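*Asks:* Below is the structure I would like to discuss, written out as structure tokens.
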Amino acid sequence: MDVEDDPIVEEIPVFLSKNLQDNLYLFQYPTKTELLNNDNAVVVNCCVKPFTQEVKVDFGLNIESKHFDRFKGEQFAVAADGKSNLANATHKGSERPTFKRGIMDKQAFTSTRSLTDISKYVVGIYTDKEMHLSPLASIVQLRPSLNYFDKEDKRRKAEQKAQSEDLDDEEVAQQVTVKFARGTGAGAAAKKSKEQRGSYDKFVQRIVDEPWCESYWHARDTPTAELERQKLYSTNHQSNQSLSLPPSEYLCKLLPHDEHVQQVDTANVVPVYNKAMLKTLPLLDQLRVLLKDAKILSFSDVLNILTEYVDPHVSADKVLALLPQVGILLHGNWVPKSEVVYPEKMLSHANGVSAEQMIRARDYILYRFSRTPFLYRNQVMTATQLPPAETLDVLSTVARVNSTKRWELLLPPDKEFEKKHVELVQRQELHWRATEQSYNEMDWAKETKRVRKRSTRKSESQQQTTMTMPPPAAHLSTEA
């Protein structure tokens, strides 16, 4: 590849800051959506376990909000602390209540280690055309903690145990059978597994026994937080000796060889093409890459991309002749064929669904969008028999969720293209009609189960009525 085809746009200096490498934690919130964040949240309490690198954060709840159920909040407080503990919360020596105000006014989040090896991860900050990188001490995921339900279970078990001890005052003698295992064979293996189990239990118990260390939580706009944020910048801008190494040695030092790296299946790896690589491909492959990456494109957008970035002398007639080989015309726009999106031998990332099932489900979705502007996820999941994750993946290839919680196409219909190219529209309609029967059978298969259940109940009820009701009286004909 020629260097002129891929020029260097800008050179950015990179600096490494080690001021926070032993104390920098990255918090992840898997249960939070991208719309919600904790920037303005009120933190009631924050605790850390330095040895196990665990974090616990209590976020305050707005109990005055109209969306807060005070009755349920009080119920949760009673379930966690009990009525007696809430009444004796002020007495010295009593157990510390979870909710001091007698209502669930906070939500606890506890952390788990998401990665064991974080040596390859850094946090970067870009400012003044400089990139400053800081190594991480740990990456943790914070999830809601529901330990107050465990407290309720423990209290109930303690009460039941106390009641049973009052009833059973006398001890009953029981016969005990004692077995002695030999030092070899199964006995030795059992002893070894028991020792291993004991070491693991000791490690877990060590984690549990480590006390929580209370810490201060400084909001992001406070002066203390700003001082800590300044430590992300490197103060030493001297040249690094590693940059004077040859390219091969520098690459080996930057990415050392690891023998325990898991091999990746090449069938599930999606190739990435840049502009220079796209120019070396035939026009048919260029169209395949564009449609797969963009999901849905109008014909004018396809021409604009090709003429501006790939080949300024490309013919519109040639593009139009090759598009049906890799794409499907849907309401005047072009979407990639399902075989392009899900190649052969490819498996879904969530549950390992085969490419054949994913192709069949996507073809069903394309057919339904050719007949109706909206689809429901449950409807598609029932008809295609795909898991929820795969159903979401297939729908995302051509559609999006609107404000009414319905799925619609990513682009509006292109009526002008349909008027100019009536033959292409008719040809695609003939294809839909030829495959219509198979898609209707998918809907019919899910409806017949319900019909069969109703028909069975109806036949049983009719049979019972015929058995219980007496036979009808014979009609006597009268002659005038």
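*Asks:* Among the listed pairs Lys32/Lys83; Lys292/Lys415; Lys49/Lys231; Lys18/Lys275; Lys337/Lys415; Lys32/Lys231, which are separated by more than 31 Å between their Cα atoms?
*Replies:* Lys32/Lys83; Lys18/Lys275
*Asks:* Continuing with this model, one more query. Over 26 Å between C-alpha atoms is what I'm after, so list which of Lys66/Lys154; Lys279/Lys345; Lys279/Lys318; Lys253/Lys279; Lys345/Lys405 land there.
*Replies:* Pairs exceeding 26 Å: Lys66/Lys154; Lys279/Lys345; Lys253/Lys279; Lys345/Lys405.
*Asks:* What order, most packed first, do the peptides 321-329, 139-147, 348-356, 154-162 have when packing is the mean number of other Cβ atoms within 10 Å of each residue?
*Replies:* Output ranking for 321-329, 139-147, 348-356, 154-162: 321-329, 139-147, 348-356, 154-162.
*Asks:* While we're looking at this one, here's another question. Using a 1.4 Å probe over the heavy atoms of the protein chains, calculate the carbon and sulfur portion of the accessible area of the range 294-399 as a whole percent.
*Replies:* Reported share for carbon and sulfur atoms: 53 percent.
*Asks:* Multiply the residue separation of Val314 and Leu16 by 0.36 nm, subtract the distance between their alpha-carbon atoms, and state the gained length in nm to one decimal.
*Replies:* Stretched out fully, the Val314 to Leu16 stretch lengthens by 102.6 nm.
*Asks:* Show Leu375, Leu251, Leu410 ordered by accessible area, largest first, where the area counts protein heavy atoms only and the probe is 1.4 Å.
*Replies:* So the residues, ranked largest to smallest area, are Leu251, Leu410, Leu375.
*Asks:* 5 Å is the cut-off here: which amide hydrogens, built 1.01 Å from N in the peptide plane, fall below it relative to Phe68, excluding neighbours closer than 5 in sequence?
*Replies:* none
*Asks:* By accessible area of protein heavy atoms, probe 1.4 Å, what ranking do Cys213, Cys47, Cys252 get, highest first?
*Replies:* Cys252, Cys213, Cys47
*Asks:* To continue, here is another question. Under 20 °C and 1.002 mPa s, how fast does the range 369-418 diffuse according to Stokes-Einstein, given a Kirkwood radius computed over C-alpha pairs? Answer in µm²/s, whole number.
*Replies:* Diffusion coefficient, whole number: 183 µm²/s.
*Asks:* Okay, next question. So who's got an amide H within less than 5 Å of the one on Leu232, skipping anything under 5 residues away but keeping other chains? H placed 1.01 Å off N, in plane.
*Replies:* Long-range HN contacts for Leu232: none found.
*Asks:* Now for a separate question. In nm, give the distance between the simple-model label positions of Gln437 and Lys253, each being 7 Å from the Cα along the Cα-to-Cβ direction.
*Replies:* Result for the modelled spin labels: 7.0 nm.
*Asks:* Moving to a separate point now. Would you please state the base-10 log of I(q)/I(0) at q = 0.23, 0.26, 0.29 1/Å for the range 350-389, with intensities from the Debye formula using one equal scatterer on every alpha carbon?
*Replies:* The computed values of log10 I(q)/I(0) come out as -0.76, -0.92, -1.07.
*Asks:* Keeping all protein chains in the complex and leaving out DNA, RNA and ligands, what accessible area do you get for Asp117 with a 1.4 Å probe, in Å² to the nearest 10?
*Replies:* Only protein atoms counted, so the area is about 90 Å².
*Asks:* FRET efficiency for Glu74 and Asn378, Cβ-Cβ distance as r, R0 = 51 Å, nearest 0.05?
*Replies:* For R0 = 51 Å, the calculated efficiency reads 0.90.
*Asks:* Take the Cβ-Cβ distance between Ala162 and Tyr25 as r, set R0 to 45 Å, and report the resulting FRET efficiency rounded to the nearest 0.05.
*Replies:* In this case the efficiency is close to 0.55.
*Asks:* Here's something else I'd like to know. What is the sum of charges, Lys and Arg at +1 and Asp and Glu at -1, for the other residues whose Cβ falls under 9 Å from the Cβ of Ala355?
*Replies:* Neighbour charge sum, excluding Ala355 itself: -2.
The values are calculated or read from the model by the stated rules, or taken from the named source; none is laboratory data. Treat the numbers as computed from the prediction; the structure is a model and nothing was measured. Neighbour counts run over all protein chains shown; Cβ positions are idealised from the backbone, glycine included. Just the protein is used for accessible areas: all its heavy atoms, side chains included, with ligands, DNA and RNA removed. Shrake-Rupley method; radii C 1.70, N 1.55, O 1.52, S 1.80 Å.
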